[in-house]
2 protein chains.
Amino acid sequence: MRTCYTGQVCRDHLGQTVTLFGWVHRRRDHGGVIFIDMRDRAGLAQIVFDPDNAEGFAIAERLRNEFCIRVTGLVRERPAGTTNSDLASGEIEILCREVEILNPSVTPPFQLDDENLSETTRLTHRVLDLRRGQMQRNMMLRYRVSIEVRKFLDDLGFIDIETPMLTKSTPEGARDYLVPSRVNAGEFFALPQSPQLFKQMLMVSGFDRYYQITKCFRDEDLRADRQPEFTQIDCETSFLNETEIRAIFESMIRHVFKAVQNVDLAETFPIMPYSEAMRLYGSDKPDLRVKLEFTDLTDVMKDVDFKVFAQAATTEGSRVVALRVPAGGSISRSEIDNYTKFVAIYGAKGLAWIKVNEVAKGRDGLQSPIVKNLHDAALAEMIKRTGAQDGDLIFFGADRAKVVNDAIGALRVKIGHSDFGRANGLFDNVWKPLWVVDFPMFEYDEEADRYVAAHHPFTSPKDGHEDLLGTDPSKAIAKAYDMVLNGWEIGGGSVRIHREEVQSKVFRALKIDAEEAQLKFGFLLDALQYGAPPHGGIAFGLDRIVTMMTGAESIRDVIAFPKTQRAQCLLTQAPSPVDEKQLRELHIRLRQAEIKQP
Amino acid sequence: MRTCYTGQVCRDHLGQTVTLFGWVHRRRDHGGVIFIDMRDRAGLAQIVFDPDNAEGFAIAERLRNEFCIRVTGLVRERPAGTTNSDLASGEIEILCREVEILNPSVTPPFQLDDENLSETTRLTHRVLDLRRGQMQRNMMLRYRVSIEVRKFLDDLGFIDIETPMLTKSTPEGARDYLVPSRVNAGEFFALPQSPQLFKQMLMVSGFDRYYQITKCFRDEDLRADRQPEFTQIDCETSFLNETEIRAIFESMIRHVFKAVQNVDLAETFPIMPYSEAMRLYGSDKPDLRVKLEFTDLTDVMKDVDFKVFAQAATTEGSRVVALRVPAGGSISRSEIDNYTKFVAIYGAKGLAWIKVNEVAKGRDGLQSPIVKNLHDAALAEMIKRTGAQDGDLIFFGADRAKVVNDAIGALRVKIGHSDFGRANGLFDNVWKPLWVVDFPMFEYDEEADRYVAAHHPFTSPKDGHEDLLGTDPSKAIAKAYDMVLNGWEIGGGSVRIHREEVQSKVFRALKIDAEEAQLKFGFLLDALQYGAPPHGGIAFGLDRIVTMMTGAESIRDVIAFPKTQRAQCLLTQAPSPVDEKQLRELHIRLRQAEIKQP
């Protein structure tokens, strides 16, 4: 039997005989003695094979990297000068008395500690890739997060109730993954995009407090850092208002960070209305580590000669903002050119700027191609509102609000994270959580020419905003809240609609007529008629939270067996073609013309 | 804010003002006073509305069943003679000071305490069905089981690692649920039948101890008590042998029963080889509560005149058994006729029997149509082996072993559970867990004319049985074990193959050639080459365990939103037809001819 994990052997075991199971991480022959760094999930320990133990030494000579072995030996101090303070076992070594090869290994296709592997190599050989210390730590940290979430919620009386994976397709929102039914020919299940409606029904059933850490599915194009299947910490509670619900889940996140990483998050998370987040940061998930803010100048630029500004300032739905970069005067022209290319990605047609050489000199102290087209009053107001000082740089965005927000919002983050930003105190490298609240109920979808739900159609309007659903949906504010951390939305939730007549009003605002509502959501409308309690909840993205906590570059580094951006598993070669018999049983056939022959 | 759950108000709150949230369970008007039984997930409490509180009384008059309400009131003792010892709150009542209707309810389609609802009604109105006390308790107990499992495994260093839901189809075993890929035209994912190969790969990756409580999927015909999606407690560990692995999971189940139901299961579960289970009970999941055993008489009946016995006794693969029923002489002829019909379900062509009136009289003391065709020596040996006493009844099975085992095995359980069995001490109403071990590696599949894996193809043969894989697969015994409880297999597992050459031998024994093995399981064979550790594990059926613990009639009573036997969700109407656009995106079309038009 194993004494302990290999990586746990330490001074406490000095003089003891221990038995360990693990892998050969590295082998060195030195001065007639063989040294093995032996590895298991807890870390490394050094095994010494002395030629005096002829049998053990002979086996040790056959050992190669990644052989799986059992070792029994005496724990002793390392000779002076050979200790390794990076390891828990760094002060000891194990003199082998007995060694057994449990399973040999062919030569691995790469060194486990090679830091420069392509992601294709890593995902193809995922079983070996997962042996790397960083990946082991990532998976263990992920586990600690999930278990601490469970402990916290269990203490508060939340109960885990499983909801179905084979559910109904309701094509509202993202694209569903479909599962053809064999028994019910021509019909399909959908994999859940979230357990939203089931958890609401559990509230109507009176379970009061629900949670689930569960897989959700979205068949979207995997830009950036998405996965076809992702894990949600899904929670719902009855009889609490927005403030009470936020308080619970703010505590939960604080608990997790403290328990798993011994990090103290802010005692109270700031609460920021959506409108303020957009005004100051151009984003509903502002990275508050970056100490830069927008200054709105729309009202100031209405009558300037610079047409780009004047037009944006006088067009409904457009805006003009300044982004003051303290000490930004040292940013070179070529860097400004790079930033100009960068904002173009977000649709900005240019990037105006002014260097503030000497405020006291007024217009003459400003350096920029656009200064001549801005009148004195505008320049003075700009200096006043931004609080610009000598040596600052001011960037401008003037366009449709969306373009300005996206482009200058991204620029704000880029400058904050840059070497310049870090060197000049524009970046505070700590955890900066906040709540963004008071989202609009609806966004206008130009393509569909109708309103769509900003969160989802089951979100409650603010008290007093119900009438706006019929009269001016664009003005209706929702009881919705997002938890934002360092520029990422890590959780989103809302108080839900618990009255059938309000739910029907929302469907009408979304141009979902009564018949369609009944067909798609009849079971919800039905449930709401039987004394549904006031309820609300939230869902956190576990993959994202763990990615941030581990500092991983990609969520694929915190998922044991992820898919590539082409939604493939390189390890098992899924998806794959299936037998004609299987298709026949499911009453489907392939659209041959579209499918490239193997 | 809520003081506590409604069902928790008790003597401790006497004299206090409490605020409760819940539902109107029942309303009674009595002597000018209105009484409400108010309900939440913790139970009931009695609310009294006195006409002195005119405002509250007026609201109370509007209350109907299932209205959702908030009540604030004074906790006082119930008048003498009106206490209810069935309720935690049975000694107190709450005199309402303030009541608010949070949401009214239309009249429910049935009374919540109606015990005679059809399952169709219950599943269609699942949201209301789940409000019933029994369903609330079932879901809470299910949660307690899962959380106790997690606590136990966490303490032992098992870590929860999520494995993919979108996996590769490997049509070996049950039928897969398929998910068409949009990005990879003509290809399909499969929903996992179990995370078997992923957990093995996690062992190869060195995670050492893994668990997951996860959904698995099988697209089978839903006879009996199966669900298309079911929940598995899936566990795997490295470096332990069969005995060590069983010890851990035996402790786990003991812990769960103790923690959740305060039940002490046997300190050590009996261990029974498969061959003995089949010999004594005709089943690999014997219900040991039933105190009846088979007596094998195959060798005794070779030369009797009764052809049914003689033929079975002399045919390879057939057997003759007796089932002695103590005091069974009182079983009537018509009951025996019913048992004869019962065994016919299992393929038995008849049911021979002998009543033992007086052992001392030898042949003359036996009453049966078949006695005349059995010679003295056979009768004497039968009496001796069965240990029959005066007043007993002996049933016989003689046929192919499978028919005998199924038919007489089922008869054994039926008699044990019958009123007769319970009255005559043949049924011990306690928890009777055991391990069944030493399963054969393979079963012969007559239809496919080849061996198939009895457990799954990754199960290790017993030490010394490796050579049999090539020479006589039918004799090879596996390191497999099932945990059986009261006639149900609640868990099954094995030590896995950790050497590539053994795995290849098993594939060959299964007539899976090298090319096919590589195509389907190449990633496993590959992984086994890199120092895979010895490993093994087990998977428990959570739905089944909870069904047994709650005493529910069906696993559908321990699943919040189950499917019917036609694999449909009556609440949401899944599966359902989908848009042509969705099918087009998935590169599939329906086989129209097969599909009944809506």
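Quick check on segment A:212-370: what are the equivalent-ellipsoid semi-axes from the Cα gyration tensor, as sqrt(5λ), descending, whole Å?
On the way: eigenvalues 329, 81, 69 Å².
Square roots of five times the eigenvalues give 41, 20, 19 Å.
Within a 10 angstrom radius of each residue's Cβ in B:427-435, how many Cβ atoms of other chains show up on average? Whole number is fine. Walk me through the intermediate numbers first.
Working: counts 0, 0, 0, 0, 0, 0, 0, 0, 0.
The shielding value for this peptide is 0.
Can you tell me the order of B:583-590, B:23-30 when each peptide is scored by its average per-residue count of other Cβ atoms within 10 angstrom, highest first?
On the way: B:583-590: 19.1, B:23-30: 16.2.
Per-residue mean Cβ counts within 10 Å order the peptides as B:583-590, B:23-30.
What lysines could a cross-link reach from B:Lys581, if we take a straight Cα to Cα line under 23 Å and drop same-chain neighbours fewer than 8 places away?
A:Lys168, A:Lys511, A:Lys520, A:Lys596, B:Lys596
Before anything else, pin down the relative contact order of chain B: Cα pairs under 8 Å, at least 6 apart, normalised by residue count, whole percent.
Working: 1118 pairs, mean separation 76.5, N = 598.
Taking the mean separation of contacting Cα pairs over the length of chain B, I get 13 percent.
Calculate for chain A the 222 nm mean residue ellipticity that helices alone would give, adding -39,500 (n - 2.57) per DSSP H run of length 4 or more and normalising by residue count, nearest 500 deg cm²/dmol. Please report the intermediate quantities before stating the final value.
Values: 17 runs with 176 residues, N = 598.
Using -39500 (n - 2.57) per qualifying helix, the result is -8500 deg cm²/dmol.
Within the set of other residues whose C-beta is less than 14 Å from the C-beta of A:Ala348, count the net charge using Lys and Arg as +1 and Asp and Glu as -1.
On the way: positive: A:Arg319, A:Lys341, A:Lys349, A:Arg400, A:Lys402, A:Arg412, A:Lys414; negative: A:Asp337, A:Asp399, A:Asp406.
Net charge around A:Ala348: +4.
Would you mind classifying segment A:107-166 by shape? Square roots of the alpha carbon gyration tensor eigenvalues, ordered a ≥ b ≥ c; an a/c under 1.5 is rounded, otherwise it is prolate if a/b is larger than b/c and oblate if not. Present the calculation step by step, with values, prior to reporting the outcome.
Working: a/c = 4.74, a/b = 2.33, b/c = 2.03.
Because a/c hits 1.5 or more and a/b exceeds b/c, segment A:107-166 counts as prolate.
Could you work out the relative contact order of segment A:282-369? I mean the mean sequence separation of Cα pairs under 8 Å and 6+ apart, divided by the number of residues, in percent.
Details: 76 pairs, mean separation 16.2, N = 88.
Here the relative contact order equals 18 percent.
Can you give me the C-alpha center-to-center distance between segment B:14-78 and segment A:71-147, rounded to a whole angstrom?
64 Å
Peptide A:583-589: average number of partner chain Cβ atoms within 10 Å per residue? If you can, show how the numbers build up before the last one.
Details: counts 5, 2, 3, 10, 7, 12, 5.
Mean shielding by partner chains, rounded to a whole number: 6.
Where Rh is the Kirkwood radius over the Cα pairs of segment A:451-585, the temperature 20 °C and the viscosity 1.002 mPa s, what D in µm²/s does Stokes-Einstein return?
Details: Rh = 18.4 Å.
For the chosen part, D equals 117 µm²/s.
Lysines near A:Lys462 by alpha-carbon distance under 18 Å, same-chain residues fewer than 8 away left out - which ones?
Once the sequence-local lysines are set aside, what remains near A:Lys462 is A:Lys475, A:Lys479, A:Lys505.
Return the Cα extents of segment A:1-125 along principal axes one, two and three, sorted largest first, each rounded to a whole Å.
In descending order, the Cα extents are 46, 32, 30 Å.
For a quick check: with amide H placed at 1.01 Å from N, whose amide H comes under 5 Å from A:Ile588's, ignoring anything fewer than 5 positions away on the same chain?
B:Arg591
Can you list the lysines whose alpha carbon is less than 16 Å from that of A:Lys355, not counting same-chain residues fewer than 8 positions off?
A:Lys372, A:Lys384
Say the cut-off is 26 Å between C-alpha atoms; which of A:Lys402/A:Lys432; A:Lys432/B:Lys199; A:Lys302/A:Lys349 go over it? Present the calculation step by step, with values, prior to reporting the outcome.
Numbers: A:Lys402/A:Lys432 24 Å; A:Lys432/B:Lys199 37 Å; A:Lys302/A:Lys349 19 Å.
Listed pairs above 26 Å: A:Lys432/B:Lys199.
On each of the three principal axes of the Cα atoms of segment A:83-232, give max minus min coordinate, whole Å, ordered largest first.
64, 40, 32
Hey, what's the per residue convex hull volume over the C-alpha atoms of the protein assembly as shown, in cubic angstrom?
Numbers: hull volume 291.2 nm³, N = 1196.
Cα convex hull per residue, to the nearest whole number: 243 Å³.
Quick one: grab the alpha carbon gyration tensor of chain A, order the square roots of its eigenvalues as a ≥ b ≥ c, and give me rounded if a/c is under 1.5, else prolate or oblate depending on whether a/b is larger than b/c.
Working: a/c = 2.08, a/b = 1.35, b/c = 1.54.
The shape class here is oblate.
Mind ordering A:484-495, B:434-445, B:464-475 by average Cβ neighbours within 10 Å, highest first? Numbers along the way, then the final one.
Working: A:484-495: 21.3, B:434-445: 19.6, B:464-475: 14.3.
Result, highest mean Cβ count within 10 Å first: A:484-495, B:434-445, B:464-475.
Distances from B:Leu14 to the same residue in each other copy, label points 7 Å out along Cα→Cβ, in nm, shortest first?
List, nearest first: 6.4 nm.
Based on the Cα coordinates of segment A:1-58, what is the per residue volume of their convex hull in Å³? Don't skip to the answer; put the middle values down first.
Values: hull volume 5.7 nm³, N = 58.
Hull volume over Cα atoms, normalised by residue count, gives 99 Å³.
Rounded to two decimals, what ratio of Rg to Rh does segment B:309-455 give with C-alpha atoms and a Kirkwood Rh?
On the way: Rg = 17.2 Å, Rh = 16.9 Å.
Result: Rg/Rh = 1.01.
How many partner chain Cβ atoms sit within 10 Å of a residue's Cβ in peptide A:128-140, on average, as a whole number? Intermediate values should be presented prior to the final figure.
Details: counts 7, 1, 7, 6, 2, 0, 0, 3, 4, 0, 0, 8, 3.
Rounded to a whole number, the mean comes out at 3.
Once you keep just the Cα pairs under 8 angstrom separated by 6 or more residues, what percentage relative contact order results for segment B:123-238?
Averaging sequence separation for qualifying contacts and normalising by length gives 22 percent for segment B:123-238.
How big is segment B:458-528 by Rg and Dmax over its Cα atoms, in Å?
For segment B:458-528, the Cα-based Rg and Dmax read 13.7, 43 Å.
Can you tell me the order of B:378-387, B:417-426 when each peptide is scored by its average per-residue count of other Cβ atoms within 10 angstrom, highest first?
Working: B:378-387: 17.1, B:417-426: 15.2.
Ranked by mean Cβ neighbours within 10 Å, highest first: B:378-387, B:417-426.
Taking Cα centroids, how far is segment B:488-546 from segment B:203-237 in Å?
Cα centroid of segment B:488-546 versus Cα centroid of segment B:203-237: 14 Å apart.
Can you list the copy-to-copy distances for B:Gly173, using a point 7 angstrom from Cα toward Cβ, in nanometres, shortest first?
Reported distances to equivalent positions: 3.1 nm.
With unit charges on the beta carbons (Lys and Arg positive, Asp and Glu negative) and the dipole taken about the Cα centre of chain B, which residue among B:Val404, B:Met441, B:Gly537 sits farthest to the positive side?
About the Cα centre, the residue reaching furthest to the positive side is B:Val404.
Run the label-point distances for B:Glu516 please: 7 Å along Cα to Cβ, every other copy, nanometres, shortest first.
Label-point distances to the other copies, shortest first: 5.0 nm.
Write out the GluC sites (Glu not before Pro) in segment A:491-564 meeting two conditions: DSSP loop, and at most 12 other Cβ atoms within 10 Å of their Cβ.
Details: sites: A:Glu500, A:Glu501, A:Glu515, A:Glu516, A:Glu553; in loops: A:Glu553.
Qualifying residues, ordered by number: A:Glu553.
Kirkwood hydrodynamic radius for segment B:199-294: how many Å is it when counted over pairs of different Cα atoms? Show your work: numbers first, answer last.
On the way: mean 1/r = 0.0601 Å⁻¹.
Kirkwood radius, segment B:199-294: 16.6 Å.
Since every read-out is calculated from the coordinates, none of them should be taken as a lab result. Being a predicted model, the structure only gives us computed values, none of them experimental. Virtual Cβ from ideal backbone geometry, glycine too; neighbours counted across all protein chains shown.
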